[in-house]
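Q: To start, I am sharing the structure in question, which I have written as structure tokens.
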Amino acid sequence: MSHQTLSLTLFVLFVVLTLGITIWASRQTRTAVDFYSAGRRIKGWQNGVAISGDYMSAASFLGIAGLISLFGYDGFLYSVGWLVAYLTVLLLVAELLRNSGKYTMADVLAYRMRQRPVRSAAALSTVGVSIVYLIAQMVGAGALVKLLLGLEGDAAAILAIAGVGVLMIVYVTFGGMIGTTWVQIVKAVLLMAGTLLLSFLVLAKFGFSMNKMFSDAATASGKGDAFLAPGLRFTSTIELVSLGLALVLGTAGLPHILIRFYTVPTARAARRSVIWAIGIIGSFYILTTFLGFGAAALVGHEAITKADKAGNMAGPLLAQSIGGGEGSFGGDLFLAFIAAVAFATILAVVAGLTITASSSFAHDFYANVMRRGRERDEQAEVRVARITALVIGAIAIVLASFARTQNVAFLVGLAFAVAASANLPTILFSLYWKRFTTSGAVTGILVGLFGSLLLVVVGPNVMGPKGLIFKGSDPLFPLENPGIVSIPLGFAAAWLGTMLSREPASEEMYEELRVRSLTGLGAEEAEAAPAPATAPATRPSG
Amino acid sequence: MANDRREPSRSPTTGRMPFEEAVTATEAVGKDPEMAELERRHQRFVWPMTIFFLVYYLSLPILAGAAPDLMGTKVLGQFTFGYLFALSQFLMAFVVAWVYARWATRRMDPLATDLRKKLLSQQIKDKEVAE
């Protein structure tokens with residue numbers, strides 16, 4: 001059996017398993033709170049595993065392993081930043097958010113602001129960040145499918161991207177948040193198991209000596225000791241700090257991570273879920289050492305770049321080499337297994353992103369802005385969310401087929417910078433600054449969102465000799481990652497917008513928000529209490 | 001300006017929607033000494049801790065950019081200072097998370113639960129009076 005058949009079989013098995021979960025979940029999904037927030041019945045540890053499943057994307061599994069295998073030490077900096085980012089989430093955001101919101105990121109912002117402007121801006125940035133993140137995942141999926149099935153040409157890549165896109169639409173539209181959560185849990189377990197196994201086998205290859213692995217990797221890289229030190233990928237301190245800021249502050253502004261805290265019943269469960277996520281994600285990122293340096297030593301620079309210039313195939317190729325090499329049964333089997341894990345990874349992340357973007361559109365824009373929040377028809381809202389998932393999926397398929405030559409890690413790093421610039425300032429000011437106003441929130445989101453996107457467009461990845469346009473001229477902005485400029489810009493815009501306006505109503509409500517967010521008043525008992533008259537039938541007949 | 005603040009779906013008493021059981025009478029709570037204590041504990045823990053981990057974390061990219069030779073120095077066999085420092089970031093994250101969870105369980109949760117119960121019973125009383 002060739003590796004194509006094997007990997008197809010394993011992949012189909014995963015799809016069947018997760019579709020089964022989705023169908024089961026669709027029977028559990030009756031109300032809006034089911035669809036958006038899994039009925040708030042997810043346990044803390046389950047949510048922690050699901051957060052890990054949501055977070056460890058193609059960029060983590062394929063991208064970091066590839067960067068380490070090509071540039072050594074510098075690639076590992078991504079692993080550190082993406083983990084430490086969870087401290088920002090844990091200390092400043094998770095519990096307060098759980099206590100003061102309901103379905104979407106905008107719920108917290110809209111708590112004491114004027115609903116329509118804030119929800120419109122938040123829906124825009126949620127959809128924006130999610131689509132950028134989504135494109136990256138689908139580009140990765142397309143490349144993987146193409147490589148695995150040995151397909152050639154652009155048509156195959158576009159077909160692969162479309163296939164993944166259609167699958168994800170099915171998951172989200174039928175399963176909602178319950179289905180998505182379980183798909184993420186299954187994926188996280190698979191990914192951890194696959195990575196642990198691979199790391200163990202790599203270490204065994206070097207007689208359980210990390211020293212030998214490092215020195216072999218350094219020798220094989222042709223760079224010698226420089227491979228174990230910073231400087232092969234990044235040389236400028238400002239560029240490094242800019243990337244570091246985007247990574248460490250971005251997570252707390254990622255809508256698809258934030259809404260996971262609404263799926264648990266209490267703030268304590270939200271806390272427990274971040275602790276679980278830190279444990280799982282931290283262990284995973286430490287293991288990227290073995291994937292990256294192992295691939296550098298065992299697969300080699302030439303073979304890695306031959307398969308994919310950006311190094312994205314380092315992990316799968318490492319599995320093939322550990323299993324016995326190209327053409328051997330063991331090699332094919334292990335490659336197929338790791339590739340199926342990578343698919344699972346991408347599908348789960350894509351499902352999480354799609355449900356976030358569609359929830360935000362349906363709840364924030366459709367229900368609260370277009371319909372002005374009048375007589376909430378939850379069935380219609382869920383229907384709009386499902387249609388939105390379809391539309392966003394289609395948009396992402398189209399954009400991803402245009403962006404299919406882009407580097408996956410670059411796109412995800414961009415999504416982090418955008419999230420940190422557009423969403424984080426407004427979230428923090430809403431929760432901690434009494435004087436904050438609607439104008440401040442809207443300016444903060446818009447300036448952060450468009451500022452960071454603009455800096456990327458005029459930066460070296462898009463403009464100038466190494467970019468896509470104006471190859472003759474220098475880029476207008478020198479940094480690859482705009483974080484160090486765009487994040488302070490987002491904060492400054494939110495501050496300035498606030499200082500130029502006054503909103504006594506928002507200040508009055510601040511006290512109340514603090515009481516609620518710190519004590520859980522109205523959030524915890526609300527779950528246990530019987531449905532009040534304002535909520536539509538929680539359990540329709542049948 | 002403020003005309004779209006109050007919408008029909010939201011409670012007429014608080015003008016806000018997030019939870020159906022819109023709980024009123026939280027104004028007085030702002031002055032409650034227990035609430036002030038909760039607030040004080042939260043601010044005093046969370047901000048210093050955030051500054052600590054951000055400084056510790058950002059010293060990694062700064063050192064990687066400004067002192068690559070130091071980071072490339074081999075400290076233990078093939079382990080460079082830079083790799084060990086990066087690993088120490090994982091340890092730091094695990095320790096901060098553990099310390100936070102312990103602090104929150106011991107210093108925040110009992111007080112928060114107390115306050116919540118007190119406020120709830122107060123509201124039930126208020127409602128009865130109103131009716």
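Q: Out of region A:401-431, which residues are within 27 Å of residue A:248 (Cβ to Cβ) and either free of Cβ contacts under 8 Å to residues at least 24 places away in the same chain or among the small types (Gly, Ala, Ser) (or both)?
A: A:403, A:409, A:413, A:415, A:417, A:419, A:420, A:421, A:422, A:430
Q: Out of (1) small (Gly, Ala, Ser); (2) assigned to a helix (DSSP H, G or I); (3) surrounded by fewer than 24 Cβ atoms within 10 Å (Cβ to Cβ); (4) over 23 Å from the mean Cα position of the chain (by Cα), what's the single condition that is false for residue A:279?
A: (4)
Q: Consider residue A:328 against the criteria (1) more than 21 Å from residue A:214 (Cα to Cα); (2) among the small types (Gly, Ala, Ser); (3) within 12 Å of chain B (Cβ to nearest Cβ): it satisfies all of them except one. Which criterion is unmet?
A: Here residue A:328 clears every test but (3).
Q: Sort out for me the helices (runs of 4 or more DSSP H) sitting completely within region A:51-154 that have 2 or more residues that are farther than 24 Å from residue A:338 by Cα and within 14 Å of chain B (Cβ to nearest Cβ). I'd like the intermediate steps shown before the answer.
A: Values: elements: A:65-71, A:73-88, A:94-100, A:105-109, A:115-148.
Counting at least 2 such residues, we get A:73-88, A:94-100, A:105-109, A:115-148.
Q: Go over the candidates B:86, B:36, B:97 one by one and state the one that is in a helix (DSSP H, G or I), modelled with pLDDT under 90 and either surrounded by fewer than 17 Cβ atoms within 10 Å (Cβ to Cβ) or within 7 Å of another protein chain (Cβ to nearest Cβ) (or both).
A: B:36
Q: Could you check, for region A:233-240, whether at least one of its residues is within 8 Å of another protein chain (Cβ to nearest Cβ) and under 14 Å from residue A:83 (Cβ atoms)? Explain how you work it out, then say what you get.
A: Of the residues in region A:233-240, the ones within 8 Å of another protein chain (Cβ to nearest Cβ) are A:234-240.
When the remaining residues are screened for being under 14 Å from residue A:83 (Cβ atoms), the result is none.
There is no residue in region A:233-240 that is within 8 Å of another protein chain (Cβ to nearest Cβ) and under 14 Å from residue A:83 (Cβ atoms).
Q: Let me ask something else about it. How about region A:303-408: which helices (runs of 4 or more DSSP H) wholly inside it have at least 1 residues that are closer than 30 Å to residue A:116 by Cβ and acidic (Asp, Glu)?
A: Once the helices (runs of 4 or more DSSP H) in region A:303-408 are filtered for at least 1 residues that are closer than 30 Å to residue A:116 by Cβ and acidic (Asp, Glu), what remains is A:378-402.
Q: Let me ask something additional. Among the residues of region B:73-82, is any more than 7 Å from every other protein chain (Cβ to nearest Cβ), part of a helix (DSSP H, G or I), surrounded by fewer than 20 Cβ atoms within 10 Å (Cβ to Cβ) and modelled with pLDDT of 90 or more?
A: yes
Q: Also, quick follow-up: Is there a residue in region A:261-281 that is free of Cβ contacts under 8 Å to residues at least 40 places away in the same chain and touching a helix residue (DSSP H, G or I) at 6+ places or on another chain (Cβ under 7 Å)?
A: Kept after step one, since they are free of Cβ contacts under 8 Å to residues at least 40 places away in the same chain, are these residues of region A:261-281: none.
No, there is no match, as no residue in region A:261-281 is free of Cβ contacts under 8 Å to residues at least 40 places away in the same chain and touching a helix residue (DSSP H, G or I) at 6+ places or on another chain (Cβ under 7 Å).
Q: Then there's this: Taking residue A:487, is it crowded, with 24+ Cβ neighbours inside 10 Å, in a helix (DSSP H, G or I), out of contact with any Cys (no Cβ under 8 Å at 6 or more places or on another chain) and in contact (Cβ under 8 Å) with a residue 60 or more places away in the chain? Let's see the steps before the verdict.
A: Working: crowded, with 24+ Cβ neighbours inside 10 Å: yes; in a helix (DSSP H, G or I): yes; out of contact with any Cys (no Cβ under 8 Å at 6 or more places or on another chain): yes; in contact (Cβ under 8 Å) with a residue 60 or more places away in the chain: yes.
The answer is yes for residue A:487.
The values are calculated or read from the model by the stated rules, or taken from the named source; none is laboratory data. Because the structure is predicted, anything quoted here is derived from the model rather than measured. We place every Cβ from the backbone using ideal geometry, glycine too, and count neighbours over all the protein chains shown.
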